[in-house]
Structures are given as structure tokens and as C-alpha cells.
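Q: Sending over a structure as C-alpha cells; questions will come in a sec.
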Amino acid sequence: MQDLRIEAASLAVQELYHAAVATRENSYSPYSHFAVGAAVRTAAGKIYGGCNIENASYGLCCCGERNAIFAAVGAGERQLTALCVVADTSAPVSPCGACRQVMSEFNINEIILGNLKGDLKICTLADLLPYGFAL
Ligand code: THU
């Protein structure tokens, strides 16, 4: 895992980060008041965003990371290379276990965790989900 600042990141990482920050603006989080934005990049370089969407029936809430991945896969994309997730946290936000499992399903190998201050942590899937479940 590598810690770095947004200014020091590659242009590809910066682009994905800014897409995640922009999509976070659409977060529907009236219960937790914790807005999350995510963005995934396809092998062809296309970017899909997602944000967390909550529900009065709390168990139906869905995370930003999964919504970004599902937007891409629902649009027919299967080759996903990188994902960035951001929230307004003091350190880069860390994805929940369910989202890690979904990242694993689509083999997303570069995962960028961030916060609104521009602190980043660049991880691999193995960093986040060692010995994960697979069929
Ligand atoms: N949340 C995410 O969007 N991603 C995560 O990895 C963890 C949590 C959302 C779910 C819920 O809407 C809010 O953050 C508080 O848990």
C-alpha cells in the first residue's frame, strides 16, 4: 500500500479521484449523513461513477463502490482496472467487506482510497481482501 497526495498522483489516478468526488455530490445519505463517492475505470479508459444510496429500511442502503461497479457492469463493461472511493474522513476511507468482495468478483486490482483533503492510499485487491472467497 502506498500513501501519497493527489498532487503527486498520476493523471489517470487524478482523473478517477475527481470523478469520485463529483459523483459523491449525488449521494443520498439522509440517515447516516456520510456521503461516499466512487468511480471505476474500464480497460478502455471509460469511467463510471457511483455514490451511496440509503433507504428508510436501513438494510437496503447500498455503498458508493458497489453502485459504481454495478453501473459499469450494467452498461456491459466487464474489464474493470481501477476504482477510487472518497469520503470526508480524516484518513483515506476504507471500503466495507461487501464492497471488497464485489471488487474481487471483477478483479479490480488498483484500488485508490481517498478523502476530500486529497490524501490517497493506493492498494491492491490482495491488500484489501487477502484469502478472499472465490468459486
Ligand atoms: N458506505 C459506503 O458507501 N461505502 C463503504 O465502503 C462503507 C459505507 C456508506 C453506506 C452508508 O450509506 C454510509 O456509508 C454509512 O455507513
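We did not get these values from a lab; they are worked out from the coordinates using the rules stated. From a predicted model like this one, the values you see are computed outputs, not experimental measurements. Don't worry about glycine lacking a Cβ; one is built from the backbone with ideal geometry, like all the others, and counts go over all protein chains shown.
Q: I'm trying to understand the selection: among the residues of region 21-52, which are more than 9 Å from the ligand (Cβ to nearest atom), of a type outside the set (A, V, I, L, M) and either without any contact (Cβ under 8 Å) to a residue 24 or more places away in the chain or outside any strand (DSSP E or B) (or both)?
A: If the condition is that a residue be more than 9 Å from the ligand (Cβ to nearest atom), of a type outside the set (A, V, I, L, M) and either without any contact (Cβ under 8 Å) to a residue 24 or more places away in the chain or outside any strand (DSSP E or B) (or both), then Thr23, Arg24, Glu25, Asn26, Pro30, Gly45, Lys46 are the ones that fit.
Q: Return yes when Leu83 is assigned to a strand (DSSP E or B), over 13 Å from the mean Cα position of the chain (by Cα), closer than 18 Å to Leu128 by Cα and not aromatic (Phe, Trp, Tyr) and no when it is not.
A: no
Q: If you don't mind, there's one more thing I want to ask. Which one is farthest from the ligand (Cβ to nearest atom) among residues in region 90-108 that are touching a strand residue (DSSP E or B) at 6+ places or on another chain (Cβ under 9 Å), assigned to a loop (DSSP other than H, G, I, E, B) and farther than 14 Å from Leu16 by Cα?
A: Among those residues, the one meeting the criterion is Asn107.
Q: Tally up the residues in region 1-15 that are over 15 Å from Val93 (Cα atoms) and surrounded by 13 or more Cβ atoms within 10 Å (Cβ to Cβ), please.
A: So the answer is 5.
Q: Take the residues in region 56-87 that are away from the ligand (no atom under 11 Å from the Cβ) and β-branched (Val, Ile, Thr); name whichever of them is nearest to Asp127 (Cα to Cα).
A: Restricting to residues being away from the ligand (no atom under 11 Å from the Cβ) and β-branched (Val, Ile, Thr), the top hit is Thr81.
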